[in-house]
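What follows is a set of notes on a single structure, which appears directly below.
The values are calculated or read from the model by the stated rules, or taken from the named source; none is laboratory data. The shown structure was predicted, so the numbers you read here are calculated from the model rather than taken from an experiment. No Cβ is skipped: glycine too gets one built from the backbone with ideal geometry, and neighbour counts run over all protein chains shown. Side chains included, ligands, DNA and RNA excluded: accessible areas come from the protein's heavy atoms. Shrake-Rupley method; radii C 1.70, N 1.55, O 1.52, S 1.80 Å.
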Amino acid sequence: MTPPPPPQPVATTPPQSAEPLTRAPVDAVRARRPGLPRVTELLLSAFAGHRGTTFRLGDLTLFAGSSGSGKTTVLRAYEALARLGGGAGLGEVFPDPSACVPERARPDAQRRRGFRIGCTADGPEGPVRLEVAVQAEPELRIVGERLSADGLVLLETALRDPRRRAVQAAWHTAGATAVTRAPLPDDRLGTALLPLRVAGTTAGQLRVLAAAEQMLVALRSVFPCDPRPERMRDPVPAGTGRLLGGCDNLPDVLGRTRSECTRRHALLVDAVRVGCAGPVADLLAEPCDAGRLVRAVLGRGDGVRTELRRLGDGELRYIALALVLLTGPGVLEADVPGEVPAALQCLTVLADNLDRSLDPAQRAALLALAARMCERGHIRLAGALSDATWAAGVPGATVVHLRRD
């Protein structure tokens, strides 16, 4: 595979200093963290409106820009890599692949056009880079993939025969032969298939497996979230499972969190008290429709309750996002690797339209909550918003400004 051109860095604006929140020093908290695999860079070599671009990701990263600047596209690329890392097929991940091709990309002699994305995952194995080249036209297929670390190519695939629905793969062995070669399907991420194909009998193979595992763990622990108030107002069936990305089943999940972890629920109530009008004594779920459904209500004190369906869009989105930040993979509909202990997982929340419908007080309170939770090391947030001037001064936040050009 012809390697993508080296990405160019994008300028970021670190927030100015502000009064510290009540918490342990950042360096002390990070020193206690295990080596949690996490995505530290997104590589958009040629994807929709982005070319030759590297986005560096911190624990709390905000992509800011006007409509059409490509901030949603960045999160879409991240989500696509996450789904590929979880084993999803190319057609599931890219239902409209032509929309991912840069607008001015010209087809080659065989009328082929495509796009290239990738990422870097840091962890116990150090920085590991993944680069993927996808052909979108005339047929959707992966035509090249590269997994590398410390300048050593651990896996490389290339399309040798367009008539076959396979790519030729070669991975590092460092045994009797330097590499092992075998065909892999062209509709799946090769890195996700390595644990099934690499024996792990040589030091080189073990290194390949360790790097692939780090990349997959970092990618799979992702929760795309964009709360939809219009879907959150109606009662829902009890026992609907983990929280969906649109937070449709918020009332049922609230019942779970209230009974399973009283401490986190108390923190959620404190957060809601800041972001909702009027007194807030509790946030709970109660049965209705003869127990077949459950609805969410705010306890106002003195026995007064307000159904969440009466709240405004901003209040509903604020409650949902606060719940996401204060809970964990066991409550969210995320493809976290079950074979990895919870203490070694780091969930990344992808929040598109983070500031939609929120007033200034709600935005400030939500971002302060995000900073506190991200600093603890087991949750990260990458959010897209239209204006980041209100985010200045939040400790630990990285703001990436995007322009339409």
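Look at segment 94-111: where a residue is farther than 16 Å from residue 75 by Cα, no partner that is of a type in the set (Lys, Arg) and in a loop (DSSP other than H, G, I, E, B) sits 6+ places away or on another chain with Cβ atoms under 7 Å.
Residue 20 meets all of the listed conditions (1) surrounded by 16 or more Cβ atoms within 10 Å (Cβ to Cβ); (2) modelled with pLDDT under 95 but one, namely (1).
Take residue 269 and tell me if it is assigned to a helix (DSSP H, G or I) and out of contact with any helix residue (DSSP H, G or I) (no Cβ under 7 Å at 6 or more places or on another chain).
Numbers: assigned to a helix (DSSP H, G or I): yes; out of contact with any helix residue (DSSP H, G or I) (no Cβ under 7 Å at 6 or more places or on another chain): yes.
So residue 269 passes the test.
Output yes when any residue across segment 158-176 is of a type in the set (Val, Ile, Thr), in a loop (DSSP other than H, G, I, E, B) and open to solvent by 40 Å² or more (accessible area, probe 1.4 Å), and no when none is.
Taking segment 158-176 and keeping what is of a type in the set (Val, Ile, Thr), we get 167, 173.
Filter again for in a loop (DSSP other than H, G, I, E, B), leaving 173.
Now drop any that are not open to solvent by 40 Å² or more (accessible area, probe 1.4 Å), which leaves none.
No, segment 158-176 has no match at all.
Taken over segment 373-405, the criterion of being in a helix (DSSP H, G or I), buried (at least 19 other Cβ atoms within 10 Å of the Cβ) and out of contact with any strand residue (DSSP E or B) (no Cβ under 6 Å at 6 or more places or on another chain) is satisfied by 375 alone.
Can we say residue 258 is basic (Lys, Arg) and at pLDDT below 95?
Details: basic (Lys, Arg): yes; at pLDDT below 95: yes.
Yes: the conditions hold for residue 258.
Residues that are more than 24 Å from residue 221 (Cα to Cα) and either at pLDDT 95 or above or loosely packed, with under 15 Cβ neighbours inside 10 Å (or both): does segment 116-132 have at least one? No: zero hits.
For residue 361, the criteria (1) modelled with pLDDT under 90; (2) assigned to a helix (DSSP H, G or I); (3) not polar (S, T, N, Q) hold in every case but one, which is (1).
If the condition is being β-branched (Val, Ile, Thr) and either under 21 Å from residue 377 (Cβ atoms) or surrounded by fewer than 20 Cβ atoms within 10 Å (Cβ to Cβ) (or both), then segment 197-235 contributes 201, 202, 217, 222.
Residue count for segment 94-144 under the criterion of being of a type outside the set (Val, Ile, Thr) and outside any strand (DSSP E or B): the result is 26. Determine whether segment 55-76 contains at least one residue that is open to solvent by 20 Å² or more (accessible area, probe 1.4 Å), under 19 Å from residue 349 (Cβ atoms), modelled with pLDDT of 95 or more and in a strand (DSSP E or B). So far as segment 55-76 goes, yes, one or more of its residues are open to solvent by 20 Å² or more (accessible area, probe 1.4 Å), under 19 Å from residue 349 (Cβ atoms), modelled with pLDDT of 95 or more and in a strand (DSSP E or B).
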